[in-house]
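The values are calculated or read from the model by the stated rules, or taken from the named source; none is laboratory data. Everything quoted here is computed from the prediction, not taken from an experiment. Note that we place each Cβ from the backbone using ideal geometry, even for glycine, and neighbour counts take in every protein chain shown. For accessibility, only protein heavy atoms count, side chains too; no ligands or nucleic acids. Shrake-Rupley method; radii C 1.70, N 1.55, O 1.52, S 1.80 Å.
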Protein chains: 2
Amino acid sequence: MTINFETSPERYHHWKLSIQGATASLAMDVQEEETINEGYKLKLNSYDLGVDIELADAVQRLRFEHPEVKVVVITSLKPRIFCAGANIYMLGTASHAWKVNFCKFTNETRCAIEDASHNSGQRYIAALNGTASGGGYELAIACDEIYLVEDGNSAVSLPEVPLLGVLPGTGGLTRLVDKRKVRRDRADVFSTLAEGLKGKRAKEWRLIDDYFPTTKFQSSIDARVKEVVETGPKLEAIGIKLNPLQVEVTDDRRQYKYIGVKLHREKRVADLTLRAPEADLPTEPDDIQALGDSYWALQAYRELDDALLHLRVNEPEIGLVCLRTAGDIANLLAVDETLAAHREHWLIREIILHMARVLRRLDLTAKSFFAILEPGSCFAGNLLEFALAADRTYMLNDPSQVVEIATSSLNAGAFPMSNGLTRLQSRFLANPESADDVLAHQGRFNTESADAAGLITAAPDELDWDDEIRLAIEERTSLSPDALTGMEASLRFAGPETLDTKIFGRLTAWQNWIFQRPNAVGEDGALTNYGKPTQAKFDYRRT
Amino acid sequence: MTINFETSPERYHHWKLSIQGATASLAMDVQEEETINEGYKLKLNSYDLGVDIELADAVQRLRFEHPEVKVVVITSLKPRIFCAGANIYMLGTASHAWKVNFCKFTNETRCAIEDASHNSGQRYIAALNGTASGGGYELAIACDEIYLVEDGNSAVSLPEVPLLGVLPGTGGLTRLVDKRKVRRDRADVFSTLAEGLKGKRAKEWRLIDDYFPTTKFQSSIDARVKEVVETGPKLEAIGIKLNPLQVEVTDDRRQYKYIGVKLHREKRVADLTLRAPEADLPTEPDDIQALGDSYWALQAYRELDDALLHLRVNEPEIGLVCLRTAGDIANLLAVDETLAAHREHWLIREIILHMARVLRRLDLTAKSFFAILEPGSCFAGNLLEFALAADRTYMLNDPSQVVEIATSSLNAGAFPMSNGLTRLQSRFLANPESADDVLAHQGRFNTESADAAGLITAAPDELDWDDEIRLAIEERTSLSPDALTGMEASLRFAGPETLDTKIFGRLTAWQNWIFQRPNAVGEDGALTNYGKPTQAKFDYRRT
């Protein structure tokens, strides 16, 4: 089965997105039977990947299609239940790889909510009209504010440890102590308390911002929404439509307009080629707005995002992606110049933020990336980020042919990594001035000057090129895929740590470990036995 | 088999420690047959836990017994080989829990080397007179300077990923990019290159500091040592002897002078009781030096360190440790006052640094800790750190009995956690001023004021006390030990990340995951098949 990551509000099964002026309501109403896989029902607003694909789509559309929205209320249409979290039977029956990819995507979606809040001024309010447990509370904690109904029953909880023997791994543990700064001993009690906490104590422990009795719940949320809407300037922007992507699919190829993926499954390699923009694209925001989602910088990166998600979930055996580019550096730099000149315009800002998110998706993809810089390639400006994001960068050294790369001002900070640094800063931790030197460099780099500037890994000459690339690819794809995942996750994110890197690094790695442990997923494991008449039996040796 | 963590130089099998003035030489000469377990030989200066226990002992003794030492040269007595790293056959046959505990201890030892360098002015030089591979290079990279012989053969390498399908998990990957700040693409190439790199390129890539031809190797090291020794003031201090600890062992008890461990194996619980100092301990450094290792602050923490290591390795089924204290708060605070007043004295400095290391060992121990504050307990000053380090703290609320806690000035920064914060700062991330308020508080806290100050988790009254503690213990020990390990590792270290927390968090978690994966440890796994005629066969799906 091929998972499709594209959707749109009129196709949602599980969410109702409605907009009223500057306020959006994103209401969860999961349809039990509408599962992405077989063998379970999505009871009590529990979710699977399909539910989260819709949420991710809504968060994205709110930014591009509804820039007038200043506050997004996430709530539920089911009585007395907000959300029960990831569906446990789905987790219990899913393969290890599926669990890991599912958690990664849901984590990225929650980070996207925080990105919208921090960078686009769309404030997220979790209106918990019923119990939020596990991933349900983790969704709430990704919002800016959390309000819980006081009905004598509704609680927030993280029951993963006591009930399932796994972690609240969709950011829950990290956001508890690092975002909401819950005292660690209280976080400990809360994370082992299956029934969770209600009203007063939940507020006192910083788990929620406030609680309201049932009769006053809606009016209190409305009042808070009004308050937020009335703060700051009114947003007059009119959105653009995100249309479905067009992609031609054959057995070994996915061809979008600007992105092409060619699969060499027998070699476990894919070529991913990014095509640079055409000449003479508009330079004024109004004209770009008229182009809408067909403007290169938006379309190419939306296509890329889809291609990356496809490779992750639908092509698990592809271990190495060769990043290639094609096109005219001048055209690419012209786009970057336009983007840089109009960063304050809402649409340009959103386009840049989207590019940054897609690049972070690439950083977080558990596949190796080699960037291949050849005649005709266009690793410049925003596309240079791909060379910097790659695990290695090979650039042909042939004085008889033109192979060039170039920076734009966008490389100086428009596309921060999860660790908060630019990819140039992450590259040159030992010599921070080298990053400045690269940005100050006049004109393009040829292979020699790129090598001297520290921008490439290797520069084989034309005699060695084919063999060296082939050998490097063969060698890479022969290595243990698990060791590579751990290695790349360690080497890609040097320097400072942030909430995001903690979630994708430490928390995820622990969860992945637990997802392999017999105490969770073995025959006697807690996840395996949840909801069955049988009981989990633990090997109690601490590790 | 019970592992004993105590040793001393005259009992070393694998290391030769020699001192000449301000220079120490710590030379590795691993005896193949002297293994801590059965079934493998320690060829090529490869190591197992036994080898590392001696190294940890040497690093510790250098600080207490040889404060005159300003530079420690780590080298090998074997020709053409520095160290081949952790023994692969040992890793291939060890249980998961053994591998994890082994790696944790070796990581702590390497952090202790860095602690000695940063805080005690003992500079570590790795004199690689031969190849340093895997853990051998990870030992070098924990030193301040790395020099490699240029003999046409010797190299530094991290062959774990290409040869074994696991990570260089003893800090290697993290120190590559975060300590030595090797460019990430070069780190990627290096970490997949089984044969490693030599001389010129190794230096260019920042993997080593310099290389010297065989004939000039020793003289170049000597010259560098001389340079370091001649820098800064001569250290006139005369060390103290660290004598063997005295411990009475019965089946369910380990009784040291100040530390007692009582095991309730059927309940998977241990009581660990720390006894406060006697009255009227000396207050002058010279008198403390005369007491030597029998001075309370040193003896109690050495005993505690031994008890913690014992619990980790020899009592894996103990999941929860109840931390208890006994004694007079006034005596405890008097010791802290003495320590604080003489922090500049070398021995007092070393005693405090040692206490800090032991407390960090506790933070990093994969067992739950509950601190139990009752009448007669003495959670004050340095012993208050145990209440702050615990996952939860229970304090009896009985106005008819005296239950008190108190701070000393040492709680303000003498015992940093791995994240660089004090335990008070880590506790009060939401309200940093609360940490200051606690330190500014006049006099002792009773249960009510401790609760109000946020210092305790729960304060059951005398009617509920026994039941509440019993239930909390029963509940904790019923949970999945793996989920608890991941949860505690996440909740204990909020706030900033450091090299240490990255190593014990992200890197270790990824390694533990890989140590569970069939691609490493399964029948067809790379670790299982290393050195056998059979070949590893991978499931190439990326996760």
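For the reader, a short list of remarks on this structure follows.
- Estimated inter-spin distance, B:Q218 and A:E204, nm [label 7 Å along Cα→Cβ]: 7.2 nm
- Applying 1/(1 + (r/R0)^6) with R0 = 41 Å to the Cβ-Cβ distance of B:H441 and B:E6 gives a FRET efficiency near 0.55.
- Helical content alone sets the calculated 222 nm signal of chain A at -11500 deg cm²/dmol, taking -39,500 (n - 2.57) per DSSP H segment of four or more residues and averaging over every residue.
- Partner lysines whose Cα lies under 19 Å from the Cα of B:K216, excluding those fewer than 8 positions away in the same chain, are identified as B:K78, B:K198, B:K200, B:K203, B:K226.
- Which of B:Y295, A:Y530, A:Y12 is most accessible, then next, and so on - probe 1.4 Å: A:Y530, A:Y12, B:Y295
- Note on chain B: with charges restricted to the Cβ of Lys and Arg (+1) and Asp and Glu (-1), its dipole about the Cα centre is near 2720 debye.
- Sequence-distant contacts, meaning Cα pairs under 8 Å at least 6 residues apart, place the relative contact order of chain B at 12 percent.
- Count Lys and Arg as plus one, Asp and Glu as minus one, and take only other residues whose Cβ is under 11 Å from that of A:S8; the net charge is then -2.
- Here the gap between A:Q246 and A:H264, fully extended at 0.36 nm per residue and compared with their Cα-Cα distance, gives a gain of 4.3 nm.
- Along the axis of the charge dipole computed for the protein assembly as shown (Cβ charges of +1 for Lys and Arg, -1 for Asp and Glu, origin at the Cα centre), the listed residues A:M1, B:S400, A:S76 are led at the positive end by A:M1.
- Approximating the spin labels as points 7 Å out from Cα along Cα→Cβ, the A:V402-to-B:S409 distance works out to 7.1 nm.
- Area of B:L235 that stays accessible when all protein chains are in place (1.4 Å probe, Å², to 10): 60 Å²
- Percent of C-alpha pairs per 10 Å bin in region A:277-386, short distances first: 14, 44, 31, 11, 0.
- Projected-area average for the protein assembly as shown over all orientations - Cα convex hull basis, square nanometres: 43.1 nm²
- Relative contact order, percent, region B:38-171 [alpha-carbon distance under 8 Å, six or more residues apart]: 27 percent
- At the listed q of 0.23, 0.28, 0.33 Å⁻¹, the Debye profile of region A:334-383, built from one uniform point per Cα, gives log10 I(q)/I(0) equal to -0.94, -1.06, -1.18.
- Computed over all pairs of different Cα atoms, the Kirkwood value for the hydrodynamic radius of region A:336-422 is 13.9 Å.
- Of the GluC sites (Glu not before Pro) in region A:7-57, those whose Cβ has at most 16 other Cβ within 10 Å and which sit in DSSP loop: A:E32, A:E33, A:E34, A:E38
- Label point of B:P244 (7 Å along Cα→beta-carbon): distances to the other copies' equivalent points are 7.9 nm, sorted ascending.
- Computed Rg/Rh of region B:393-442, alpha carbon atoms with Kirkwood Rh: 1.04
- Once you divide the Cα radius of gyration of region A:1-154 by 2.2 N^0.38 Å, the number left is 0.99.
- Cα convex hull of region B:177-277 - mean projected area over all directions, nm²: 14.5 nm²
- Measuring nothing but how far apart in sequence close Cα pairs (under 8 Å, 6+ apart) lie, relative to its length, region B:295-385 scores a relative contact order of 49 percent.
- Diffusion coefficient (Stokes-Einstein, Kirkwood radius over C-alpha pairs, 4 °C, 1.567 mPa s) for chain B: 53 µm²/s, rounded to a whole number.
- Anisotropy class of region A:82-121 from Cα gyration tensor, a/c 1.5 cut: oblate
- Antiparallel bridges, percent of DSSP beta bridges restricted to chain A (to nearest 5): 30 percent
- Ranked by solvent-accessible area (1.4 Å probe, protein heavy atoms only, all chains present), the residues B:I238, B:I405 order from largest to smallest as B:I238, B:I405.
- The lysines whose alpha-carbon is closer than 24 Å to the alpha-carbon of A:K367, local same-chain residues fewer than 8 away aside, are A:K99, A:K104, A:K257, A:K262, A:K267, A:K502, B:K181, B:K502, B:K537.
- Cα gyration tensor, region B:166-206 - rounded (a/c under 1.5), prolate or oblate: oblate
- Rounded, prolate or oblate (a/c below 1.5 giving rounded, otherwise prolate when a/b exceeds b/c) for region A:288-339 by Cα gyration tensor: oblate
- Surface listing: A:S133, B:S400 arranged by accessible area from highest to lowest gives B:S400, A:S133, probe 1.4 Å.
- For region A:127-183, average projected area of the Cα convex hull in nm²: 4.0 nm²
- Long-range tail of P(r) for region A:384-543 (Cα pairs > 28 Å, %): 44 percent
- Here is how far apart the B:K257 label points are across copies: 8.0 nm, shortest first, using a point 7 Å from Cα toward Cβ.
- Share of alpha-carbon pairs per 10 Å distance bin for region B:177-234, given as whole %: 20, 37, 29, 13, 1
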